[in-house]
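Inspection log for the structure reproduced underneath, given as structure tokens.
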């Protein structure tokens, strides 16, 4: 007999199966992450020590160290940000505050999106041909940074735009209303209010730079030595025009040479960096949202 | 006098600053246009010569890749096929899992679980691709080798790859595009108006029925966007699969050692010269063309999504 009651709800078999599949999918994603992080830590941590982190590899002493690659990575991060932040933030300010909607803005938006879709190998080839050969910069940290600028530009532009959009219009009206010029308003009101969002974008870009490898192979090259300081530290500047491999490149090279211990050591260092970057971006974005709610 | 309190004078200098600021920001914004334009031009300029030198037919439809032989041969048909087949396989694996996880995050999971799974997926997206490659070599390849030994025990003419094959590369790619698929699908699912779900539930449908029959179809264009973005990432990935795929230009069968468009460039760029190098540029150009096509599709899909999105909210 068919029962018609609200209390004895029929559970559909299919629903249970569907729930099972959905939970399994999520479980799989987690397992992959835990597996990767766990395995890298398991293989990498035993290899981390002071010598590994603070010296350069020496065939003479038979020691391995990644200090040179860490310094190269820092060089690339700083150089790239120095070029990309003004460009990216400027572009976002233009798109958000100056430009009127139309063909032009659509073109800029389309190219910015295109830029974020181009694979890093293509950037690598372009950097090699344009910055390396045409501009005669060769394999150097500068070539690498210029190439990476193109990669992180969309990230910075997009995040700055989001942050600027989140600034309430009353701020703009208020500032302009008491006689501030546009640039003065941007400088003193908009940019400070949008700062957490902009910084979040910058940190995300640092993450991108740290993880990038294909674009750097043919542009920045693969040195692993620390910069020679020279008499007046001029060596630090000269290094910009010399080749140098970042951590990811060194990881790739040690993988090719089947030096897996070094590879896992570097992988662990990279993971820690990426994790730190992730957490700090989250913190900043949260802060921005809280600020927004308060307003 | 210099320190006059003239309103007009002050305004003029201010106006100058204003105009300069405007121009500088416009230049910054144009940099992206300029960059995409010059990348396109340079990729075409450096990619075309080899097509004439070797012959379009020989490059695009030749199957033999022997750049270092006495009579070099530069056929990249298998390389192109590998990129296409490998990408499609990776997407086929990744999309169901990704959409499933997105449903989990958007509708099925209790809050505390979401707050664990979501950061985990963000972290997954941030892991550098070389690390995926490392894991692939150390864990996936030996596993594939074991499977290979069992599967091909009876076929003596099989070329053993030691586990570096298309399947390994596909799995690595699938994992790498998973975060993209999950994130975009999740936001697509979340942007479906709540009243759709409410109406469906009120009519007596179960949550699962609502998710699969109401929410998923409404989020279709967003999920298509996720898939296209996933395809773009998979086509462009290089470092993670260079070591894992085996790197011989073979027909893309699961247990063959294969070479992708990206890995061909990465593997040989460092020592290639003359014609060989120019052919690598051509490969880069083909890759670039693929990505541009994907971008255009993406643009179309997103526009359509926006339109149907506004319709939904009406």
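We did not get these values from a lab; they are worked out from the coordinates using the rules stated. If you're wondering where the values come from, they're calculated on a predicted model, not measured in any experiment. Virtual Cβ from ideal backbone geometry, glycine too; neighbours counted across all protein chains shown.
The three principal axes of the Cα atoms in the protein assembly as shown give end-to-end lengths of 96, 93, 55 Å, sorted in falling order. Between B:84, B:117, B:170, the residue with the greatest mean-square fluctuation in the GNM of chain B (Cα pairs under 10 Å linked by springs) is B:117.
Note on region B:9-52: Cα Rg divided by 2.2 N^0.38 Å, N the number of residues, gives 2.06. Between A:185, A:273, A:195, the Gaussian network model of chain A with springs among Cα atoms under 10 angstrom shows the greatest mean-square fluctuation at A:185. Report summary: the helix-based calculation at 222 nm, which adds -39500 (n - 2.57) for every DSSP H run with n ≥ 4 and divides by the residues of chain B, gives -23500 deg cm²/dmol. Averaged over peptide A:86-98, the number of partner chain Cβ atoms lying within 10 Å of each residue's Cβ comes to 5.
Note on residue A:241/residue A:82: beta-carbon distance plugged into 1/(1 + (r/R0)^6) with R0 of 25 Å gives a FRET efficiency of 0.95.
The average projected area of region B:114-200, computed from the convex hull of its Cα atoms over all directions, is 8.8 nm². Here the translational diffusion coefficient of region B:201-287 follows from Stokes-Einstein with Rh set to the Kirkwood radius across Cα pairs; for 25 °C and 0.890 mPa s it amounts to 151 µm²/s. Stretching the chain fully between residue B:18 and residue B:304 yields a gain of 99.1 nm (0.36 nm per residue, less the alpha carbon separation). Among the residues of A:188-200, the average count of other protein chain beta-carbon atoms within 10 Å of the residue beta-carbon is 0.
For region A:67-294, relative contact order (Cα pairs under 8 Å, six or more residues apart, normalised by length) works out to 29 percent. Build a GNM of chain A with springs between Cα atoms under 10 Å apart, and of A:200, A:215, A:18 the one that fluctuates most is A:18. In chain A, helices alone account for a calculated mean residue ellipticity at 222 nm of -22500 deg cm²/dmol, with every DSSP H run of four or more residues adding -39,500 (n - 2.57). Within 10 Å of the Cβ of each residue in B:16-24, the mean number of Cβ atoms contributed by other protein chains is 4.
Using the Cα coordinates of region B:10-119, the gyration tensor eigenvalues translate into equivalent-ellipsoid semi-axes of 44, 38, 9 Å, sorted from longest to shortest. Computed on region B:101-228, with alpha-carbon pairs under 8 angstrom and 6+ residues apart, the relative contact order is 30 percent. Is the C-alpha gyration tensor of chain A telling us rounded, prolate or oblate? Criteria: a/c under 1.5 is rounded; beyond that, a/b larger than b/c is prolate, otherwise oblate. Cα axes put chain A in the oblate bin. Label separation (residue B:143 vs residue B:52): 5.0 nm, computed from points 7 Å beyond Cα along the C-beta direction. Evaluated at q = 0.15, 0.17 Å⁻¹, a Debye calculation over the C-alpha positions of region B:56-313 (equal weights, vacuum) places log10 I(q)/I(0) at -1.07, -1.23.
Counting 0.36 nm for each residue step from residue A:275 to residue A:59 and taking away their Cα separation leaves a gain of 74.6 nm. Its Kirkwood hydrodynamic radius, worked out from the mean inverse distance over all distinct Cα pairs, puts region A:1-157 at 21.3 Å. The mean sequence distance of close C-alpha pairs (under 8 Å, at least 6 residues apart), as a share of the length of region B:56-313, puts its relative contact order at 26 percent.
A viscosity of 1.002 mPa s and a temperature of 20 °C, combined with the Kirkwood radius over C-alpha pairs in the Stokes-Einstein formula, give region A:165-219 a diffusion coefficient of 159 µm²/s.
This ranking places B:65, A:183 by how few other beta-carbon atoms lie within 10 Å of each, fewest first, which gives A:183, B:65.
Protection proxy ranking for A:120-127, B:28-35, B:289-296, B:154-161, using the average of other Cβ atoms within 10 Å per residue and placing the highest first: A:120-127, B:28-35, B:289-296, B:154-161. Solvent-free Debye calculation, one equal scatterer per alpha-carbon of region A:138-295: log10 I(q)/I(0) at 0.11, 0.20 Å⁻¹ equals -0.62, -1.19.
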